[in-house]
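Engineer: Quick one: structure below, then a few questions.
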Amino acid sequence: MSRRVAREKALQAIFQIDLVNAKPEKAVQYVIEESELDSEDKQFARDLVYGTLEHMAEFDRYISQYAEQWELDRMANVDRNILRLALFEMKYRDEIPYKVSINEAIELAKVFSSEQSGKFVNGLLDNIRKNELQDVTE
């Protein structure tokens, strides 16, 4: 399998938790543990879910600040959760270059939302990266 599929599964779990207030353990069990991911990718997906949840308030502040003319609760649920997931990677997974996290988020938006969402996600994440995050690889 791949990290892309692991990200998809992590997004699906986070989406469930956000949308229907599912218990994180149940969402992870249902979406990730029951998947055909190998053990390394399952661990990566679990790390993404729990890390995103742990820092969600911080990510929501970034999103609210940079998503001009968009209130967080009026934003498409899937887009909001893609942004949260990508921000976790960008801020707390130093081994993943920002460009990879942003590109993966764009691809998730294209698959689970829309082409327009891909552009929205790209613009917002790039703006946050430029203004808030120190890129040691640049």
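Values quoted throughout were computed directly from the atomic coordinates according to the rules given, and no laboratory measurement underlies them. Since the model is a prediction, treat every value here as computed from it, not as a measurement. Here the Cβ positions follow ideal geometry from the backbone for every residue, glycine too, while neighbour counts run over all protein chains shown.
Engineer: Which net charge results when you count Lys and Arg as +1 and Asp and Glu as -1 among the other residues whose beta-carbon is under 13 Å from that of Lys119?
Structural biologist: Values: positive: Lys110; negative: Asp79, Glu107, Glu115, Asp126.
Summing Lys and Arg as +1 and Asp and Glu as -1 gives -3.
Engineer: Going highest first, how would you order 88-96, 5-13, 29-37 by mean Cβ packing within 10 Å? Working shown, then result.
Structural biologist: On the way: 88-96: 17.1, 5-13: 23.8, 29-37: 15.6.
Descending packing order for the listed peptides: 5-13, 88-96, 29-37.
Engineer: If I fit a long axis through the Cα atoms of helix 3-20 and take the longest principal axis of the Cα atoms of the chain, what angle between them do I get, 0 to 90°, rounded to 10?
Structural biologist: Helix 3-20 sits at roughly 90 degrees to that axis.
Engineer: List, largest first, the extents of the alpha carbons of segment 54-105 along their principal axes, each in whole Å.
Structural biologist: 32, 21, 17
Engineer: Then there is this: Within the chain, count lysine pairs with alpha carbon atoms under 19 angstrom apart where the residues are 8 or more positions apart or belong to different chains.
Structural biologist: Eligible lysine pairs with Cα atoms under 19 Å apart amount to 13.
Engineer: Using only helices, what value at 222 nm comes out for the chain when you add -39,500 (n - 2.57) per DSSP H run of length 4 or more and divide by the total residues, to the nearest 500 deg cm²/dmol? Mind showing how you got there, number by number?
Structural biologist: Values: 7 runs with 99 residues, N = 138.
So the helix-based figure for the chain works out to -23000 deg cm²/dmol.
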